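Every number here is computed from the coordinates shown, using simple stated rules; none is lab data. Note that the coordinates shown come from a computational prediction; the quantities given were computed from them, not determined experimentally. A quick note on method: Cβ atoms are made from the backbone with ideal geometry, for glycine too, and the neighbour counts reach across all protein chains shown.
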Amino acid sequence: MKPVYGLQLVQSQRLSLTPELRQAITVLQMNVLELTEFIKAEAEANPLLEVTDESRDEPLPEPSELTIEEYLASAGEGAYYARYPKSNLSRGDYLTPAYERHVTSRPDLRNYLLSQLGLMRLTKREYEASEYVVGSIDNNGYLVASDEDIAEASGFSSGLIGRTVEIVRTLEPLGIGARSLRECLMIQAKARKVSPFALLVIERHLEDLGAGRYKKIAKEHGVPLREVLDARDVVLSLDPKPGSRFSPDNPVYVVPDVMVERDEDRVVVHYNDKAIPSIRWNTYYIRILKSGDLEARAYLQDRLQKARSVMNSIEQRRVTVLRVMECLVRRQDRFFKEGMAQLQPLTLREVASELSVHESTVSRSTSNKHISTPFGTFPCRVFFSPRVQAYGKDLSQHTVKMRIQEMTESEDPQNPLSDQDIADGLSQSGIKIARRTVAKYRATLGIQPSGRRRRL
């Protein structure tokens, strides 16, 4: 039989990320400080844009709705600003508070590590095991317990604990989870891909470096002294205590992305637009673009398209972040009226479902961002918490952890509460969780086991 050749039309679908979409995603996950730097950098690179501290009551028409000629005509000698509609609520000085209102403690090391783990593709068992590992890391970032000790305390196998230790060591800050100075430096050096000789010096000659025996190292390996000194400089650039930067004694200043205030019985959300630079058209180049110089127009029209893309990304960030935060505030209404004890269980999936967006959009809208409340300034991630059954209703995991912390703070120091004692105490209050779960929560809070808390 003779084969038959022909053409066949096949229809298929695939997702493609355009440069504009990539930029919008990148801008969405920026915090206020990162966005500010981004805007300034774009204004420096694009002659059509400039940054201004001025304000404008009414925004110019949306670029996508106009032709280039109409758009420029509407701009005239004025400016286009990333659109920030005014609230119908009188805000007074709320959006220009003293920065003392936004002083916060440096993020807790354990919570910082757990937030990174939450973004990784881990199984439930891997995540639970990693919580125990993180709970065994001291304030300098070192793992103070062996795999076997962690396995015995957690009930997981030593093999699983060993694997999760390696996962934790991939987190920021680099060097976290090491059990010795040499191991800590090696983790950082390998990640930075330093020279093989520098790795060798860390592995075999830390003591010689500390004693200044550079010629000895050079002679042993037959290398110039300069190479040893270069390796020394590499070692000195590494952090011997990667966890110390998270000390609660070192306050840092943060700029909140949104601000929440109470207006009688209402809770009102404001986008912190005053912290973000406004962008406008450079009137000089607008006049050139309107001129008859075809070569200049061709160049500037390309710049115009990129400028519009930047402005659209900033506007999309504003809309998305504000929408997500308004949903978050609605769901956590009791917290914003009564405080941390009233924090309700909430997940990224629930917010995403309510807003009909992907979970990753909610994650990017809240990651590395802060919210100013009447009770202080908090990372947005604080308001997400898994459910725990108690009193015939759901409680947030944060609420249960607060109860555990209160119980350990009020315990008899000579006879501290065991994990089972805490579980029994919670059970009497209607919070039924296993001893193992108590141990996990205690570890994430940085509370030592009862044997180590005992004071004679």
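Charged side chains reduced to their Cβ positions (Lys and Arg at +1, Asp and Glu at -1) give segment 109-246 a dipole of some 540 debye around its Cα centre. For His370, the residues whose modelled amide H falls within less than 5 Å of its own, excluding neighbours fewer than 5 places apart on the same chain, are Asp257, Val258, Cys380. Tally Lys and Arg at +1 and Asp and Glu at -1 over the other residues with C-beta under 11 Å from the C-beta of Val32: what net charge comes out? Within the 11 Å Cβ shell, the charges total -1.
Amide H to amide H distances under 5 Å link Ser278 with Thr52, where only residues 5 or more positions off or on other chains count and H is placed in the peptide plane.
Here the gap between Arg454 and Lys124, fully extended at 0.36 nm per residue and compared with their Cα-Cα distance, gives a gain of 115.6 nm.
On full extension, the segment bounded by Ser180 and Glu295 gains 35.1 nm, given 0.36 nm per residue less the C-alpha separation.
If the chain linking Leu355 and Tyr284 were pulled fully straight, counting 0.36 nm for each residue of separation and taking away their Cα-Cα distance, it would gain 21.3 nm. Averaging the sequence gap over all C-alpha pairs within less than 8 Å and six or more residues apart, then dividing by the number of residues, gives segment 109-246 a relative contact order of 25 percent.
Amide H contacts for Gln332 (H built 1.01 Å from N in the peptide plane; partners 5 or more residues away or on another chain; cut-off under 5 Å): none found. Counting beta carbons within 10 Å around each of Thr373, Thr170, Thr408 and listing the fewest first gives the order Thr170, Thr408, Thr373.
With R₀ set to 35 Å, the beta-carbon distance separating Glu34 from Phe375 gives a calculated FRET efficiency near 0.85.
Spatial offset of segment 260-284 relative to segment 404-456 amounts to 44 Å, using the alpha carbon center of each.
Working note: Karplus 6.51/-1.76/1.60 with θ = phi - 60° gives segment 166-171 the couplings 5, 5, 4, 6, 8, 7 Hz, where Gly and Pro are set to x. Relative to a virtual label point 7 Å from the Cα of Arg435 in the Cα→beta-carbon direction, which members of segment 148-183 show backbone nitrogen distances below 16 Å? Within reach of a label on Arg435, which here means backbone N under 16 Å from a point 7 Å along Cα→Cβ, segment 148-183 contributes 151-156. Going by neighbour counts of Cβ atoms within 10 Å, the residues Met325, Met120 line up, fewest first, as Met120, Met325. Here the 3J(HN,Hα) profile of segment 279-285, calculated from phi with Karplus coefficients 6.51, -1.76 and 1.60 at θ = phi - 60°, is 10, 9, 6, 6, 4, 4, 6 Hz, Gly and Pro shown as x.
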